[in-house]
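The values are calculated or read from the model by the stated rules, or taken from the named source; none is laboratory data. Since this is a predicted model, take the numbers as computed values, not measurements. Don't worry about glycine lacking a Cβ; one is built from the backbone with ideal geometry, like all the others, and counts go over all protein chains shown. Protein only, heavy atoms only, side chains kept; ligands, DNA and RNA dropped before computing areas. Shrake-Rupley method; radii C 1.70, N 1.55, O 1.52, S 1.80 Å.
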Amino acid sequence: MKKDNKFGKKSELGTKPAKSGNTGQRETKEVLGELVGRLREKLNPKMASVSPAEEHRRGDLKPNLDRLTVGVDLGDQWSNYCILDLEGETLAEGKLRTTQQDFAELFQCLSSARVVIEVGTHSPWVEEVIGHCGHEVVVANPRLMEGSKRRKRKNDRIDANKLARLGRVDPQSLHPMEHRSREVRQDLVLLRARDALVAARTELINTTRGTVKSIGRRLPKCSSRSFASQAEKELPVEIREALLPLVQLADKLSDCIKEYDCRIEEMASEKYGHTKLLRQVRGVGPITSLAYVLTLENPERFTQSRDVGPYLGLVPKQEDSGESQPQLGISKAGDRMVRRLLVGSAQYILGPFGPDTDLRRYGLRLCERGGKNAKKRAAVAVARKLAVLLHRLWVTGEVYEPLRNSLSLPSVATTAA
């Protein structure tokens, strides 16, 4: 057994208790000894000979005082850049077109430097172009950086200068992130294209139903796939000519979505076979499992499975200040499509056709508490636990046990008795 001391460290109960007079002094010496040991490890010459690329991969970015530092504020048509010398003075500022040719021409002329950019639409290919020129590229996450709302002046030139200065002296404040590989990004296009078609079909169906309601009629309830066949018979005569093209277009989109589903299932089974581990959970199909695997890409990047919840934005936001601790909604960080798919799977698990599992029992307990939006809160909570479970199955390759926690409770009770 272990007990927390006032410094937050663990101490074994088997050791001799210190006298009450010098307990704090003894613990202070222990903490100082640990700190000195850590400093010695960092100052070890064997650990010091690490390349900038290795530091970046490990997340141990240090101040860049022996090379040029470049900050680039990416724009859709034009991008601003700022170059700092070894002393932190501005060497050059300017604009360049946001094209591969212009970026290659600029950075091929520079000596080895650290280049800081913000994540965005163009950042994946910009990182590749600059990296091929022999520079270290740091991709900043603006969502986690201090916002620009407090600044009186903000423009692209100032943003580029700020990125360069932070990248030079305090790169950790940029909250650096890594892009997915080119192959994974290309495979994700298939899922995002299907997602766009589903959104377009939903918009057409909602527009048709809403228009019919405006004249005092209603279309029958049905699934999205059968909407065309059901709605075509029930369209009012007075607006049939205007709405029939929308119904027919929704039918064509359903056929396209079906083709995408076949391609996604084929890719999941042939190229990403480990998605079968995730599909052991009822409610997780080929689309959700493939989107989950491609978004995370490397499960080893998370030291704990529970870290996946915050990564996908399924945990509450925090804006605590003093005694004020307001209850806020989820952060909605990370990939929106994966988060929506996980919530959809959670709704299936909690629905009438969901199997009896630990996840379902956990969600139903939350629903029983009642309160405003109890079902929505339960669905999000189950989605967060589902994300953690899928990562665990992916890493360990274990066989999924739907009632693992429920079956272990009696044995625990017996042992305690």
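Quick notes on this structure:
- Filter result for V395 (β-branched (V, I, T), farther than 15 Å from V315 by Cα, open to solvent by 50 Å² or more (accessible area, probe 1.4 Å) and part of a loop (DSSP other than H, G, I, E, B)): no
- Beta carbons closer than 8 Å, at least 6 apart along the sequence or on distinct chains, pair a first residue in the stretch 169-195 that is in contact (Cβ under 8 Å) with a residue 24 or more places away in the chain with a second that is among the aromatic types (F, W, Y) for L190/Y260; A193/Y260; R194/Y260.
- Some residue of the stretch 218-241 being among the aliphatic types (A, V, I, L, M) and either open to solvent by 90 Å² or more (accessible area, probe 1.4 Å) or in contact with a strand residue (DSSP E or B) (Cβ under 6 Å, 6 or more places away or on another chain) (or both): yes
- Some residue of the stretch 315-333 being under 25 Å from H274 (Cα atoms) and either part of a helix (DSSP H, G or I) or out of contact with any Lys or Arg (no Cβ under 6 Å at 6 or more places or on another chain) (or both): no
- If the condition is being open to solvent by less than 40 Å² (accessible area, probe 1.4 Å) and either among the basic types (K, R) or free of Cβ contacts under 8 Å to residues at least 24 places away in the same chain (or both), then the stretch 310-343 contributes S331, R339.
- Residue ID - farthest from N155 (Cα to Cα), chosen from residues in the stretch 87-102 that are out of contact with any Asp or Glu (no Cβ under 7 Å at 6 or more places or on another chain) and assigned to a loop (DSSP other than H, G, I, E, B): E87
- Between A374, A346, the distinction of being touching a Cys at 6+ places or on another chain (Cβ under 7 Å) and open to solvent by less than 30 Å² (accessible area, probe 1.4 Å) belongs to A374 only.
- Some residue of the stretch 251-258 being farther than 24 Å from K385 by Cβ and either of a type in the set (S, T, N, Q) or in a loop (DSSP other than H, G, I, E, B) (or both): yes
- Tally of residues being open to solvent by 60 Å² or more (accessible area, probe 1.4 Å) and either in contact (Cβ under 8 Å) with a residue 24 or more places away in the chain or aromatic (F, W, Y) (or both) across the stretch 96-111: 3
- Residue in the stretch 286-300 that is out of contact with any Phe, Trp or Tyr (no Cβ under 8 Å at 6 or more places or on another chain), open to solvent by 60 Å² or more (accessible area, probe 1.4 Å) and part of a helix (DSSP H, G or I) present: yes
- Checking G354 against (1) assigned to a helix (DSSP H, G or I); (2) touching a helix residue (DSSP H, G or I) at 6+ places or on another chain (Cβ under 7 Å); (3) touching a residue at least 40 places away in the same chain (Cβ under 8 Å), the condition it does not meet: (1)
- Residues satisfying the stated conditions in the stretch 71-95, i.e. open to solvent by 20 Å² or more (accessible area, probe 1.4 Å) and charged (D, E, K, R): D76, D85, E87, E89, E93, K95
- Taking the conditions (1) open to solvent by 60 Å² or more (accessible area, probe 1.4 Å); (2) at pLDDT below 95; (3) closer than 29 Å to D73 by Cα in turn, V189 satisfies each one other than (2).
- Failed criterion for A416 (all others in (1) modelled with pLDDT of 85 or more; (2) of a type in the set (A, V, I, L, M); (3) out of contact with any strand residue (DSSP E or B) (no Cβ under 7 Å at 6 or more places or on another chain) hold): (1)
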